[in-house]
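Read-outs throughout are calculated quantities, based only on the coordinates presented, and are distinct from any laboratory measurement. Since the model is a prediction, treat every value here as computed from it, not as a measurement. Please note: Cβ atoms are built from the backbone with ideal geometry, for glycine as well, and neighbour counts cover all protein chains shown.
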Amino acid sequence: MSAGRLRRILVLHLAIVGALFAVQFFLPDYHHTNVARILVLATFAIGYNLLFGYTGLMSLGHAMFFAAGMYACGLCIYYFNVGAPGGFALGVVAGGTLAAVFGLVALRTSGVSFLIVTMMFGQACYLTLLYFNEITLGDQGFTLSSNLDALHRAGAGLAYSDPDVKYNAAWLVFTGAFLVSALIAASPIGRVLIAVRGNEERTRLLGYNTFAYKWLALCLSGAIAGAAGAAYAVLFSYVGASFASILYSIYPLLWTLLGGAGTTLGPLLGTGIMFYLIDITSGWTNAYLFVVGGSLLALVLWFPQGVMGAVRARWARWLP
């Protein structure tokens, strides 16, 4: 990759990060909280995009990595009064570790078989959380606000209920995942992952260990999803088994496809569009899902590669 293209990519991504930081000073309270939530969910989508968009592995079980990070963080805070930074770190480790172990089994399959295996493991994770209801509190879930407030009063943590703290913490988590994703996409590792997506057999014939590259992508994807789950638990003070359901494996797929799979900007754009599309149309009618579905269908017809995919194909081929 040329130095000029690398410079343009760096400037663009830093400008987006800077704009997201600056916009908090102008947002009304309602949108201030909404954008913080979008940043956390977009982090989840970035992790998914690394596996699906760049490596070509479609998963229907990614919610288990999100839930692993959420529960590793949430349970440690709820039962053992671990601070939020420690809980967050445990969440990242939990997501990455689960992905590493899961990948040793699941990556021996491909295509539709991989899709089915991920869905089965994801459902097994969800049912496990329901089975150990006495510990996880199942669908009812539990809140962390009282624990985090107690730690704050004791001088061992920030006031995460403060909207400014919430936004900036979400921004930091998103920024880390966003820049990591951009660096991987622009690196030789990213080039190999894209080659695997295009033709795995030919990539293997060129001498690359495609299993190792796919396993690495899955581990990074799981760790980023775990970070998003841990951040959600801390910043929105709730942990529940519903976040491990198949719905939360479908969401990042939709966000990624809508924004543009295989683009670094797609997950953020897709998450934002979907979030506000639902938010706005639900205020108009109780049948808002019909409006959302029709809008998504129109977007797919006009932009089959996603919004950023279309922008890259037509006007900015240098975008990663």
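Cut-off is 10 Å between beta-carbons; in what order do 9, 16 appear when sorted fewest neighbours first?
Arranged by neighbour count, lowest to highest, 9, 16 become 16, 9.
How big, in percent, is the set of alpha carbon pairs in the stretch 1-150 lying more than 28 Å apart?
Every Cα pair in the stretch 1-150 considered, those over 28 Å come to 37 percent.
Given Cα pairs under 8 Å that are at least 6 residues apart, what percent is the relative contact order of the stretch 3-314?
It comes to 33 percent, rounded to a whole number.
What's the ranking of 287-293, 240-246 by average number of surrounding C-beta atoms within 10 Å, highest first?
In decreasing order of mean packing, 287-293, 240-246 become 240-246, 287-293.
Could you give the alpha-carbon Rg of the chain over 2.2 N^0.38 Å, rounded to two decimals?
Cα-based Rg divided by the globular estimate yields 0.98.
Apply the a/c threshold of 1.5 to the C-alpha gyration tensor of the stretch 199-320 and tell me whether it is rounded, prolate or oblate.
In terms of gyration-tensor shape, oblate.
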